[in-house]
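Taking it in order: structure first as structure tokens, then the write-up.
None of the figures in this text is laboratory data; all of them are computed from the coordinates on show. Predicted, not measured: the structure shown is a model, and the values here were computed from it. Glycine also receives a Cβ, built like all others from the backbone with ideal geometry; neighbour counts cover every protein chain displayed.
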Amino acid sequence: MGKLILTCDAGTTGCKAAVFDEELREVFSASAAYDTFYPRPNWAEQDMDIVWKAAAGCIRTLAEKAGAENIAAVGLTGTMNGVVPVDARGNALCRNIIHSDSRAWPQLKEIASVISPKDFYRLTGCRLDHHYMLPKLLWLRENEPDVYAKASLFLNTKDFIHGKLTGVFDSTDPSDAGLTVALDINRRRWAETLLKDLGLDPGRMPAIRRGSDVRDRVSAQAARLTGLPEGTPVAVGGGDGSCAARGAGLSGKGSAYCYIGSSAWVSQMTDGPLPDEEMRLFHYPDMDGEHTLSCGTVQCGAASYNWSLENLLGTGSFAEAEEMALSVKPGSEGVLFLPTLMGERTPYWDPNTRGALIGFSLYHGKKHIARAVYEGVAFALATSAGIMKELGCPVRSLMVTGGGARSGLWPQLLSSLMDVEARVHSDPGEATSLGAAIAAGAGTGIFRDLADGAGRVRAARSFIPDEEQKKAYAKVFPLYAAMYGRLKPLFDGIAGLDGERN
């Protein structure tokens, strides 16, 4: 069977473990669900002992299926933006305050009192936002002082799993470090001055190591629990965003991928953070510690599409909706859709935005709405690619992943709008696990390096720009781009009505 790589992805709804061969073909997989707890409005937590139990169970299942002696290395990934306080023995002192938790917004004022928003963006590559770890640390100090005082280190999801496997709890990778927003993204070191100005101890942040670092090994205790041989190399791994990038085949500047799921984004590998004075993109290091991932996120990608299926198109059939959309010419005969149904991140960063469907008349029908929804999501994603081009880093190659990659229309629209070949991933749902496998393989010599592993990622099909679409969208896209600015006063007024109802 050759050398096999076992991966563990601790996600939002559950853990998935997979085994890949040297050609990055999935051999086996196992999964286990776990709960997210919502003890108060806008709070979201996960019990890391439960997460670890799920991960260990999946790993044991695969060790038995694949033959534990065939596992050459373990690769790890997981959700980013959380905070797991651990004591000196690696025990989690409270539930993980995960990425979707919004409790720490009052702490943003404290951060803004020591650094301006622009300087914060230049330092970290990210806007100041309450979902990141840094404001959550301040929240813990203020609201859970006993937990905060006992914490030896503050970790993220995959770092905790790494510690449970190896007994070593003192490390993270550059990507997870980046989205704590406590990292100096230009120097790739903890932003010690910022931390000290906030009264936080930089010494309680973990050491930053490359994602392919395999110096730590499966401990005797973890071997008994998981069935893996003691001493099996365990890579530091990367946050799910960084692993997804490598698993999508990104290997150097200009290579990009587009994920179309409930939310959607475009992520390009760049040499460093792009100097965006309007702060439209966000950035974090690749797990190699050298490259940067520059990202633009659409809050509602497939989520807005699913909403339209249920509420506008009267069908639950994706095939039927796509058939309707394909029957209409590019531009939807003047119907435009703004897919901002849950506020928006790139490029507006405005929680007040609402969705909009305009331009329809008595002539138009469901097929025009279907086409407009597809186009609206594609326009939103192309906006991020356009910002990258504006900042001197045009997208030169594009891999499409996520559930939306199974569409025959979205990849073609993205190709035409970005004027680049769009390749569809051979297994659109596996990019994150693939990235974890690439990190472990690079660390153990199965691959020369991360780029070598990423170069082995395959595409199932490809699309090239369509000239008819390019001509049509050259006229339609500017109208789409103008919608938000024209409608913003109305969005703000509607948000005010919500405030009255609340």
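Structure notes:
- Partner lysines for Lys470 [C-alpha distance under 20 Å; skip if fewer than 8 residues away on the same chain]: Lys329, Lys389
- When all alpha carbon pairs of the range 128-251 are counted in 10 Å bins from zero, the resulting P(r) reads 12, 39, 33, 15, 1 %.
- Projected-area mean, the range 4-236, by convex hull of Cα positions, square nanometres: 12.1 nm²
- Hypothetical label at Thr36: residues of the range 292-312 whose amide nitrogen lies under 19 Å (7 Å Cα-Cβ projection): 297-307
- With 10 Å bins beginning at zero, the pair-distance distribution over Cα atoms of the range 297-340 amounts to 25, 54, 21 %.
- Counted over the chain, the DSSP beta bridges are approximately 70% antiparallel.
- Shown in residue order for the range 155-168 are the 3J(HN,Hα) couplings computed by the Karplus curve 6.51 cos²θ - 1.76 cosθ + 1.60 at θ = phi - 60°: 10, 10, 4, 5, 5, 5, 4, 4, x, 5, 6, 10, x, 10 Hz (x for Gly and Pro).
- Cβ-derived FRET efficiency at R0 30 Å, Trp105 paired with Arg354, nearest 0.05: 0.90
- Kirkwood radius and radius of gyration were both taken over the C-alpha atoms of the range 280-409, and their ratio Rg/Rh is 1.01.
- The chain: Cα Rg divided by the 2.2 N^0.38 Å rule of thumb: 0.97
- By the rule of a C-alpha distance below 29 Å, with chain neighbours fewer than 8 residues away ignored, the lysines paired with Lys196 are Lys109, Lys118, Lys136, Lys150, Lys158.
- Across the range 150-200, Cα-Cα distances exceeding 17 Å account for 42% of all pairs.
- The fewest-to-most ranking of His131, His291 by surrounding Cβ atoms within 10 Å reads His131, His291.
- Neighbour counts of C-beta atoms inside 10 Å place Ser407, Ser113, Ser212 in the sequence Ser113, Ser407, Ser212, starting with the fewest.
- Each Lys and Arg adds +1 at its Cβ and each Asp and Glu adds -1 at its Cβ; summed about the Cα centre, the chain shows a dipole of about 200 debye.
- Since only Phe20, Ala66, Ser31 are under comparison, the one whose Cα sits farthest along the positive direction of the charge dipole of the range 5-68, derived from C-beta charges on Lys, Arg, Asp and Glu, is Ser31.
- Evaluated over the Cα positions of the range 172-310, the convex hull gives a direction-averaged projected area, one quarter of its surface, of 12.2 nm².
- q = 0.14, 0.21 Å⁻¹: log10 I(q)/I(0) that the Debye formula gives for the range 1-141, counting C-alpha atoms only: -0.77, -1.15
- In degrees, nearest ten, helix 431-443 long axis to first principal axis of the chain (Cα): 40 degrees
- The value obtained for the range 179-229, namely the Cα convex hull volume divided by the number of residues, is 128 Å³ per residue.
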